[in-house]
Amino acid sequence: MAPPGRSGRFPAEIRRSIWYDRVDLRKLMETNGDSVRFELKIRRGNALNNGEFREVLRRKNRDERRGMTRNATFLSGTILILGIVGTTSGAESGRVQPSAAAEQVDRILASELPGSGPRALLANDEIFIRRVTLDLLGQSPSPEDVVLFSIDDSAQKRQELIERLLNDPRFGENWGRYWRDVIFYRKTEERALFAAEVCAKYLAEELNRNASWDQIATAFITATGDVREHGNAGLIMAQGGKPEEVVAEVSRIFLGIQIQCAQCHDHPTDRWKREQFHELAAFFPRVAVRRDMSTQPPTFTVVVNDREQSMPRRPNANQRQIGTPEHRMPDKDDPSARGTVMNPVFFLTGQSVKTGTKDSERRGALAEWITNPGNPWFAKAYVNRIWAELVGEGFYEPIDDLGPDRECATPATLDYLAARFVESGYDTRWLFHTIMSTEAYQHASLARHPPDTAPFQASVPQRLRADQIYSQISNLFGIPESGAPAGAAARPGLMNRSPRFQFNSIFGYDPSAPRDEVAGSIPQALLLMNHNVVRQGVDARRGVLARLLGSVKNDDELIVELYLRTLSRQPSDGELDVCRKFIREVGNRSEAFEDILWSLVNSTEFLHRR
């Protein structure tokens, strides 16, 4: 029913919050049409308390076992409709809708893997909401979100959840940090960490405004300026401005082709020749990274030198403060010789510019050729990487080593998805939404399969990245995201005071590395057991646990609460029995729950997403 003085029908332009009491959500949706989506949340304070909230989930699970279903009118309390957040009707011209594309991906994938045996069942709601929230936002869902998602019987709830999370600003923050790691874990210039967080912030802003992937790639390839102010200069800064190192990373990241193996000799396992590598490097000779002492504190700047006369660069020089007019391929027989001047040629297409061409035209042309829809490797490299991050294994492994002479697990599936990604205008959110809508993504998880068995039969558990682990912990314990101290971006040495930086130092890994090579370590275990953030967070005398101990008097309810907060699920009957027995044995409620919470945070499940 509508509140007094308000109509039960609301036009789409309404954006302000509207309160309902015991509203029948199905009727509300019918009144406003199927195209309208609402974001729902229990109003805390004068709605359900923790015990009542958990009872909702318990009764819902009981009813499902009895073959019954309930809608949201089951909730006693006030439901807040935060507003009409969008529509689901209508398709943008020129692109396939994510749900339709996902269905086709699943069909093609099944056709490419005949006789591969039964696939895993779809993940349950608790696993799915934790998986998708960790993948998109880099942190676990709240207990309230888990419960609300579980009791929602809408057939479209997974689609709506994905879309809502893609529009959350934490999406950009999470994936900005991911791409920061992709760029800086392969750095050859140690001082490049100076630019890492600025780069992550830049990427977060671009992803949150839904900049297309070709726009982002072009910005990195053509970057100039102070690395403290221009986050897109991070890739060039990470390689110290050296043309050979920069183009190797441009090719690896944006094309998925490891052409750096052809720097000193013809590629041993691919078709690329040594001359082709140095022709690619010839797009970047006029670029350099220079330390700027005129500012306080000093900084680094990506500069361009378009002067035709310049001091010759010493072959294989490690320090490069000024660009050179042209790139020279070293003489293998006489490394002290000046080498051969190379024309800038894009190795995939043979397109070229003349020697003497200004830097902006060189790099601009290269960026255009790399991101051109006619170049399939640009789209394939991004699709393969994101698919691998979300599903747990790529079409190509390693994820940044594709190339025409590599074997693809399911080429037709990759071709279809890459083609639709191009048609979307390289829309990164479209790709995330599509992959997450596939059964391949929504399968329950199983251990990584042996090499001689078919891929994509289940989701593969993923070790969380360092930022995701810290975000989970800070969210669990209510720690504000203070980040590094003021001025840390300018003085990187101060960044080690930040807990997030400390977790990155110990838990961090190269996101391009094969995941079966990522393993835990003794320093990681020690940090998680003993770090001040964790020790203070599980302290029963303060913080979250102290408040829960005071407000939730029933031990079973508190056990469920802690499981929901840490693992986004209810404990099994066996886990519940173990916790009950432990509480009795300890004899001190506060100490027992400190140990239970500490154990959950240090569990393997907490460090992985299933």
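The values are calculated or read from the model by the stated rules, or taken from the named source; none is laboratory data. Remember, it's a predicted structure, so these values are computed and weren't measured experimentally. Cβ placement follows ideal geometry from the backbone for every residue including glycine, while neighbour counts extend to all protein chains displayed.
Values as computed for the structure displayed
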quantity	calculated
Filter result (crowded, with 19+ Cβ neighbours inside 10 Å and of a type in the set (Val, Ile, Thr)) within the range 252-274	Ile253, Ile257, Ile259
Where Lys358 falls short, out of the listed (1) crowded, with 18+ Cβ neighbours inside 10 Å; (2) closer than 25 Å to Gly225 by Cα	(1)
Subset of the range 128-161 [under 16 Å from Gln468 (Cβ atoms) and of a type in the set (A, V, I, L, M)]	Ile129, Val132, Leu134, Leu136, Leu137
Helices (runs of 4 or more DSSP H) enclosed by the range 337-426 - at least 1 residues per element that are under 24 Å from Ala100 (Cα atoms) and among the aliphatic types (A, V, I, L, M)	376-391, 411-423
Enumeration of residues in the range 529-559 that are closer than 18 Å to Ser142 by Cα and surrounded by fewer than 12 Cβ atoms within 10 Å (Cβ to Cβ)	Arg547
Matching residues in the range 250-297 - criterion: being of a type in the set (Ser, Thr, Tyr) and closer than 19 Å to Leu235 by Cα	Ser251
Tabulated pairs, the range 220-245, first touching a residue at least 40 places away in the same chain (Cβ under 8 Å), second assigned to a helix (DSSP H, G or I) and among the acidic types (Asp, Glu), C-beta under 7 angstrom, 6+ apart or interchain	Leu235/Glu249; Gln239/Glu245; Gln239/Glu249
The one condition in (1) touching a strand residue (DSSP E or B) at 6+ places or on another chain (Cβ under 8 Å); (2) modelled with pLDDT under 85 that Ala262 fails to fulfil	(1)
Single residue of the range 326-355 satisfying the filter (of a type in the set (Lys, Arg) and in contact (Cβ under 8 Å) with a residue 12 or more places away in the chain) that is surrounded by the most Cβ atoms within 10 Å (Cβ to Cβ)	Arg328
Residues of the range 430-456 that turn out to be farther than 18 Å from Phe171 by Cα and β-branched (Val, Ile, Thr), as a count	2
Which listed residue is touching a Pro at 6+ places or on another chain (Cβ under 8 Å) and of a type in the set (S, T, N, Q), from Asn232, Asn174, Asn208, Asn167	Asn208
Hey, Ala458 more than 27 Å from Leu121 (Cα to Cα) and modelled with pLDDT under 95 or not	no
Some residue of the range 178-194 being among the polar types (S, T, N, Q), crowded, with 21+ Cβ neighbours inside 10 Å and either in contact with an Asp or Glu (Cβ under 6 Å, 6 or more places away or on another chain) or more than 17 Å from Gln442 (Cα to Cα) (or both)	no
Test: residue in the range 410-425 that is within 23 Å of His608 (Cβ to Cβ), of a type outside the set (Ser, Thr, Tyr) and in contact (Cβ under 8 Å) with a residue 60 or more places away in the chain	no
Hey, Phe503 aromatic (Phe, Trp, Tyr), over 30 Å from Trp179 (Cβ atoms) and without any contact (Cβ under 8 Å) to a residue 40 or more places away in the chain or not	no
Of residues in the range 313-364 being closer than 12 Å to Lys242 by Cα and charged (D, E, K, R), the one modelled with the lowest pLDDT	Arg313
Some residue of the range 129-144 being surrounded by fewer than 19 Cβ atoms within 10 Å (Cβ to Cβ), closer than 21 Å to Ala388 by Cα and of a type in the set (Ser, Thr, Tyr)	no
In the range 176-207, the residues that are without any contact (Cβ under 8 Å) to a residue 60 or more places away in the chain, in a helix (DSSP H, G or I) and not aliphatic (A, V, I, L, M)	Gly176, Trp179, Arg180, Phe184, Glu190, Cys199, Lys201, Tyr202, Glu205, Glu206
Subset of the range 143-165 (residues that are in contact (Cβ under 8 Å) with a residue 12 or more places away in the chain and in a loop (DSSP other than H, G, I, E, B))	Asp152, Asp153, Gln156
Residues being small (Gly, Ala, Ser), assigned to a helix (DSSP H, G or I) and either modelled with pLDDT under 95 or out of contact with any Cys (no Cβ under 7 Å at 6 or more places or on another chain) (or both) - total across the range 208-254	6
All positions within the range 388-416 that are over 19 Å from the mean Cα position of the chain (by Cα), crowded, with 19+ Cβ neighbours inside 10 Å and of a type in the set (A, V, I, L, M)	Leu402, Leu414
Hits in the range 259-305 - residues which are within 14 Å of Asp359 (Cα to Cα) and in a loop (DSSP other than H, G, I, E, B)	Ala282, Phe283, Phe284, Pro285, Arg286, Asn305
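Matching residues to (1) β-branched (Val, Ile, Thr); (2) under 16 Å from the mean Cα position of the chain (by Cα); (3) surrounded by 19 or more Cβ atoms within 10 Å (Cβ to Cβ); (4) in the same structural domain as Tyr178 (by TED's automatic domain parsing):
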residue: Glu197; (1), (2), (3), (4): no, yes, yes, yes
residue: Ala204; (1), (2), (3), (4): no, yes, yes, yes
residue: Phe220; (1), (2), (3), (4): no, no, yes, yes
residue: Ala223; (1), (2), (3), (4): no, no, yes, yes
residue: His230; (1), (2), (3), (4): no, no, yes, yes
residue: Gln239; (1), (2), (3), (4): no, no, yes, yes
residue: Lys242; (1), (2), (3), (4): no, no, yes, yes
residue: Val250; (1), (2), (3), (4): yes, no, yes, yes
